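The values are calculated or read from the model by the stated rules, or taken from the named source; none is laboratory data. Given the structure is predicted, the values throughout are model-derived calculations rather than measurements. Please note: Cβ atoms are built from the backbone with ideal geometry, for glycine as well, and neighbour counts cover all protein chains shown.
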Amino acid sequence: MTHGFENFHLADPNCATQDFSVWVMYGGKAESDTVYCCPGEGGGKTRSESLMVEGVQVPLVNNLTFQQFTDLLRKESDTTVRVTAVGRFFAGEKRTTNGVTFWAGAGHLGCCSLFVVQRVESFEVHTRPDLDYTAEAGWYEKEGCKVRSLRDQRHVSIADPDSTTEQAIAGQRRADSGETKWMFSDPQRVALESVKPLYPGQVPVLRRVKKTSARQVFRWKNGKNQVVVVVNRPYWLSFYAASGSVVWVSTMVKEAGCD
């Protein structure tokens, strides 16, 4: 599951891409403390009655495991959690736009189908400082200037799995095989290799502006613009790692037009 601003989703890179997303809510009287429109559940309150969806009342086992799980989500404002949960799925309304059929009605602006948690069986605690547990994947890193315009060049996020998440998994496997071992230890090279194809004929000079054991941020002044590159060790890639080591991945490249 991923949880953050306007985000409480089921996410799994192993699942084939579908034309819908699955929003998460809790059964019973528990609200998820998720800010979204509309009206959202950001007040940290409880419902006066158990959740009712499509005329079905959905209960919740509010035990110690559930409380520990929700404590983790409150502690980490933007996060990814590996969880085993039992619940009820509601497909929502069938819609067709431009020949594409999808299901929606729940969540932020009615984006999604709905999974209602009835019981949390187990979840993986966050104990590794070398892994980036966030779902935003660098979306909120500062551009370093007064931004006039912003263009996203690359965004690899478990919250929105697509071909780029598949490429990240393939990169982990190549590094595990020994083909690209440098991806374990050279975040600046990872950043540079991700930028060069976006700017053919140019020679990006990256300057590191942030460094932790799980994330590094680089900037490159491209004329009047500022290019930001975020590399991290995504927690979700540990599910595919042959050993405990996770490669560095360029998860965000964005170019800001600066005043």
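Is it fair to say Ala159 is within 30 Å of Leu10 (Cβ to Cβ) and either buried (at least 18 other Cβ atoms within 10 Å of the Cβ) or polar (S, T, N, Q) (or both)? The answer is yes for Ala159.
If the condition is being surrounded by fewer than 21 Cβ atoms within 10 Å (Cβ to Cβ) and either in contact with a helix residue (DSSP H, G or I) (Cβ under 6 Å, 6 or more places away or on another chain) or at positive phi (or both), then the range 105-114 contributes Gly105, Leu109, Gly110. The residue list Thr101, Thr65, Thr46, Thr34 contains one member that is of a type in the set (Ser, Thr, Tyr), in contact (Cβ under 8 Å) with a residue 12 or more places away in the chain and crowded, with 18+ Cβ neighbours inside 10 Å, which is Thr34.
Within the range 212-235, can you find the residues that are outside any strand (DSSP E or B) and either within 18 Å of Ala256 (Cα to Cα) or not aliphatic (A, V, I, L, M) (or both)? Full working, then the answer.
Filtering the range 212-235 down to residues outside any strand (DSSP E or B) leaves 212-214, 223-224, 233, 235.
Thr212, Ser213, Gly223, Lys224, Arg233, Tyr235 - these are the residues of the range 212-235 that are outside any strand (DSSP E or B) and either within 18 Å of Ala256 (Cα to Cα) or not aliphatic (A, V, I, L, M) (or both).
When we screen Glu166, Glu193 for residues that are modelled with pLDDT under 95, surrounded by fewer than 18 Cβ atoms within 10 Å (Cβ to Cβ) and in a helix (DSSP H, G or I), the only hit is Glu166. The single condition among (1) in contact with a helix residue (DSSP H, G or I) (Cβ under 6 Å, 6 or more places away or on another chain); (2) crowded, with 20+ Cβ neighbours inside 10 Å; (3) at pLDDT 95 or above that Val117 does not satisfy is (1). For Glu136, the conditions (1) closer than 30 Å to Phe90 by Cβ; (2) modelled with pLDDT of 95 or more; (3) not assigned by TED's automatic domain parsing to the domain that holds Arg88 are fulfilled apart from (2).
Residues in the range 49-61 that are surrounded by fewer than 20 Cβ atoms within 10 Å (Cβ to Cβ) and over 18 Å from Thr84 (Cα atoms): Glu49, Ser50, Met52, Val53, Glu54, Gly55, Val56, Gln57.
Going through (1) surrounded by 20 or more Cβ atoms within 10 Å (Cβ to Cβ); (2) over 17 Å from Arg233 (Cα atoms) one by one, Ala137 falls short only on (2). Here Val147 passes the criteria (1) under 27 Å from Arg82 (Cα atoms); (2) in contact (Cβ under 8 Å) with a residue 60 or more places away in the chain; (3) not basic (Lys, Arg) except the one numbered (1). Would it be correct to say that Arg173 is modelled with pLDDT of 95 or more, surrounded by fewer than 17 Cβ atoms within 10 Å (Cβ to Cβ), out of contact with any strand residue (DSSP E or B) (no Cβ under 6 Å at 6 or more places or on another chain) and not in a loop (DSSP other than H, G, I, E, B)? So Arg173 passes the test. Exactly one residue out of Pro204, Pro197 is over 24 Å from Ser243 (Cα atoms) and touching a Leu at 6+ places or on another chain (Cβ under 9 Å), and it is Pro204.
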